[in-house]
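All remarks here apply to the structure that follows.
The values are calculated or read from the model by the stated rules, or taken from the named source; none is laboratory data. The model shown is predicted, which means the values in this text are computed figures rather than measured ones. For neighbour counting, all protein chains shown are included, and Cβ atoms are generated from backbone atoms with ideal geometry for every residue, glycine included. Keep in mind that these areas ignore ligands, DNA and RNA; they rest on the heavy atoms of the full protein, side chains included. Shrake-Rupley method; radii C 1.70, N 1.55, O 1.52, S 1.80 Å.
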Amino acid sequence: NQPKTYTERTEMAGVCQINLGLELPMLIDTIDNAAEEKYIAKPDRLFVIDGAGKIAFNGAHGPAGFDPDAWEAAISMVLEAAPAE
């Protein structure tokens, strides 16, 4: 079922994160999908957004243009640059 409120959306994302064993921080889009509308790309693209909210990686059109190694490297670079908690 699609969530109807932001609270429902965050609860579903939390369950997904736990069930899939995801350890990366997750950003949850607003219920009106504002981030999706800003970053939408057809065909799909892979993005990495840094801690300052800036695009750190903007992948090529997918799926043929996906470069998982470059995407992973961008994720690692952002995580390494993040302040320690």
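A few notes on this one:
- Scanning residues 5 or more positions from Ile49 or on other chains, those with amide H under 5 Å from its amide H are Ala56, with H placed 1.01 Å from N in the peptide plane.
- Using the Karplus relation 6.51 cos²θ - 1.76 cosθ + 1.60 with θ = phi - 60°, the per-residue 3J(HN,Hα) values for the stretch 54-60 come to 9, 6, 9, 8, 10, x, 6 Hz, with x marking Gly and Pro.
- Three-way shape label, the stretch 42-82, alpha-carbon gyration tensor, a/c 1.5: oblate
- At R0 = 25 Å, FRET efficiency that the Cβ-Cβ distance of Ala73 and Ala35 yields, to 0.05: 0.65
- Accessible area ranking (1.4 Å probe, heavy atoms, ligands and nucleic acids excluded), largest first, for Leu20, Leu46, Leu27, Leu79: Leu27, Leu20, Leu79, Leu46.
- Here the Karplus relation 6.51 cos²θ - 1.76 cosθ + 1.60, evaluated at θ = phi - 60°, turns the backbone of the stretch 14-21 into coupling constants of x, 5, 4, 4, 5, 5, 8, x Hz, with x for every Gly and Pro.
- The value of relative contact order for the chain, using C-alpha pairs under 8 Å at least six residues apart, is 18 percent.
- Gained length - Ala64 relative to Met12, 0.36 nm times residue gap less alpha-carbon distance: 15.7 nm
- Nearest-10 value in Å² for the accessible area of Glu11, using the 1.4 Å probe: 110 Å²
- For the stretch 1-56, the alpha-carbon coordinates run over 27, 25, 23 Å along the three principal axes, in decreasing order.
- Lys54 accessible area, assembled protein chains, probe 1.4 Å, Å²: 130 Å²
- Here the extension length gained between Ala82 and Ala56 equals 8.1 nm, from 0.36 nm per residue of separation less the Cα-Cα distance.
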